[in-house]
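The values are calculated or read from the model by the stated rules, or taken from the named source; none is laboratory data. Computed from a prediction, not measured in an experiment: that's the story for all the values here. With ideal geometry, Cβ positions are generated from the backbone for all residues, glycine too; neighbour counts draw on all protein chains shown. These accessible areas exclude ligands, DNA and RNA; they are computed on the full protein's heavy atoms, side chains included. Shrake-Rupley method; radii C 1.70, N 1.55, O 1.52, S 1.80 Å.
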Amino acid sequence: SGYAPFRFDITDVANVGGPNVLVVHVDATEHEGWFYEGAGIYRHVWLVKTHPVHVPQWGTYVTCEVAGGAADVRVVTEVANQTDALTACRVVSTIVDAAGRTVARADLDAVRVPPWTDVDREQRLRIASPALWSPDAPNRYTLVTTLEVGGATVDRYETPFGVRTIRFDAAQGFFLNGRRVEIKGTCNHQDHAGVGAALPDRLHAFRVERLKQMGVNAYRTSHNPPAPELLDACDRLGMMVLDETRLFSSGDEGVSQLERMLRRDRNRACVIAWSIANEEPSQGTALGLRVAESMKRVVRRLDPTRPVTAAMDQAWGTGFTPVLDVVGFNYRAPQTDAFHQTHPAMPIWGTEQGSTVSTRGIYANDAERGYVSAYDVNAPWWASTAEAWYEHFAVRPWLAGGFIWTGFDYRGEPTPYAWPCISSHFGALDTCGNAKDNFYYYQAQWIDRPVLHLFPHWNWAGKEGQAIGVWCHTNLDRVELLLNGRSLGTRDVPRYGHAAWKVPYAPGTLEARGFRGGAQVLADRRQTTGPAARVVLEADRHEIAADGEDVVVVTARVVDAEGRTVPTAADGLEFRTSGPGRLLGVGNGDPSSHESDRGPRRRAFNGLAAAIVGAARTPGAMRVEATAPGLATGAVEVACRGAPARPSA
């Protein structure tokens, strides 16, 4: 598998003290993903050296029970002895908080490990008044495990974890730390503009940050074990995770992949459930039931603390349904009512909902170019609009929430079109992470602060006098629309809907004013712009680490003389870097673009493009520029601070 972690012990064949060549060969003759995943290595490859007595890979398991204002922590440590002699060692487990303070410690003396054997040893610790982990407060602790042999430390192993409680209730949904929390999730493939499936670590964090800005609190790893660096970002930034294995199989390979995912990820605070299947043909059969039972036994053996779920798109109530702790619905939201009536004791969530299709900045379907309008009106036969599925779930407290398909666009599945359209249209964000209009629908529903988003753009030369559909996504009560200062009327906003008008086009300023309780709270404007005049570059961060791994996402905007983004601009841009940095790739979110992601050239798509720029190992000022014929050059500087670099080849 290109996704499931694996390891090989090369001790016997290593040329100790001399040169070694390590080769990882990729055979991509068989496809594995549910999308266009490319071919290559898209996980880090590490060379690990240990003492013969050590904690093996994924050799700790931490669980917590919270009661009476304290956390009782159970630690199981695996100790490996790869020598010919019986060895006695001391196991020291220390828990430190985010500030590095020791909050608990336990010692275990004289652990006797037979030769060429692994043994498990259990310790109990207590954290008084623990800081709980949640998406709003992602507090974490670190278990530091040291092994001592003959008074000398021979291994040190760190395990980040969090203290939190989870519970699914068939009548009231999902509870985190004793409080009901609605799952506001997205499904995502591992794919991003400019780099494909080989995401640098920082891009995982960038994507989680963008989702949190939308109000997302949960991430489904569709449909494979995620990169550990993605889980690092979810742990650190506060994003709950539905961790999904790739193979629905109780055969040797399927069980092996499941076991590896469980052992690797079971200490993660962010992981709240294990998914064993997605839309499997056998989901409603006796065969599916037997396979699911075997897979669940594996989960219960390695981690009894989290529920088992599966993403089903049919056959609810039959097949492997009874095995599941939480039943997953892919689409068919109305069918949840009948299932809940016949199975009132089974928790339910939407493992895949929406599949609304839209293209950023496009406001009319265009089959010839492979574009779908960004109004929330387009969905394939199996799917629904954002408003339709979300209202169904939001008003039923027994539904724990759901995951939309998808957070980001990705290569492949260009529904409703085919080649030469090459990317999906399902995302609330495009492949670069730029927001589509539905991003703001979910933001209005999923965050507490006021939101008002007016669309479409107001550059419709040649359509003067023609009616243009104008929408507002907002969580305010009423919206007034004005064109060039003249009111076009006020609309009440349905709780899970939008405000809409038909407006004869005239150039100028379109303005929406949002009200709550009779008072104006927000305003949003769309103005007819002038012609493209220059390029503006915006970096997602202005300081990165000079470690050879960090990256910065640079967004290019084509603007007019007054600095307004030209929403129809398609200028050809060329990116270049100077200083300690290199261009990794480019993109623009155009689902029909056949331009190379390897850069340095990319056309703007509806005014936007992006460059992914990687850091060198030398500190200094990195400069990124973008040029286009007839436009003033855009530039941005990013400071590359000195940072230790990991050994690498």
Here the relative contact order (percent) of the stretch 46-156, from C-alpha pairs under 8 Å and at least 6 apart, is 30 percent
Rounded to the nearest 10 Å², the 1.4 Å probe accessible area of Cys432 is 10 Å²
Total charge of the residues flanking Gly151 in space, meaning their Cβ is under 12 Å from its Cβ, with Lys and Arg +1 and Asp and Glu -1, is -1
In the list (1) 78, 58, 45; (2) 89, 63, 50; (3) 70, 55, 51, the entry giving Cα extents along the principal axes in Å computed from the coordinates is (2)
Semi-axes a, b, c in Å (a largest) for the stretch 199-289, each sqrt of 5 times a Cα gyration tensor eigenvalue, come to 27, 14, 11
Excluding residues fewer than 8 positions from Lys184 in its own chain, the lysines with Cα under 17 Å of it are Lys212
The answer for the per residue Cα convex hull volume of the stretch 329-466, in Å³, is 138 Å³
With +1 at each Lys and Arg Cβ and -1 at each Asp and Glu Cβ, the charge dipole magnitude of the stretch 341-472 around its Cα centre, to the nearest 20 debye, comes out at 100 debye
Sites removed, the longest contiguous part of the chain containing no DSSP-loop GluC sites (Glu not before Pro) with at most 16 other Cβ within 10 Å is 33-367
Expressed in angstrom and rounded, the centroid-to-centroid distance over alpha carbons for the stretch 225-287 and the stretch 391-456 is 23 Å
For Lys502, counting only lysines whose alpha-carbon sits under 25 Å away and dropping same-chain residues fewer than eight positions off, the answer is Lys436, Lys463
Counting as exposed only chymotrypsin sites (Phe, Trp or Tyr not before Pro) in DSSP loop states with no more than 13 other Cβ atoms inside 10 Å, the longest exposed-site-free span of the chain is 383-649
Per DSSP, the loop-located trypsin sites (Lys or Arg not before Pro) within the stretch 591-649 having at most 15 other beta carbons within 10 Å are Arg598
Between the residues His192, Thr153, Ala218, the Cα farthest towards the positive end of the dipole of the stretch 99-253, that dipole coming from +1 and -1 charges on the beta-carbon of Lys, Arg, Asp and Glu, is from Ala218
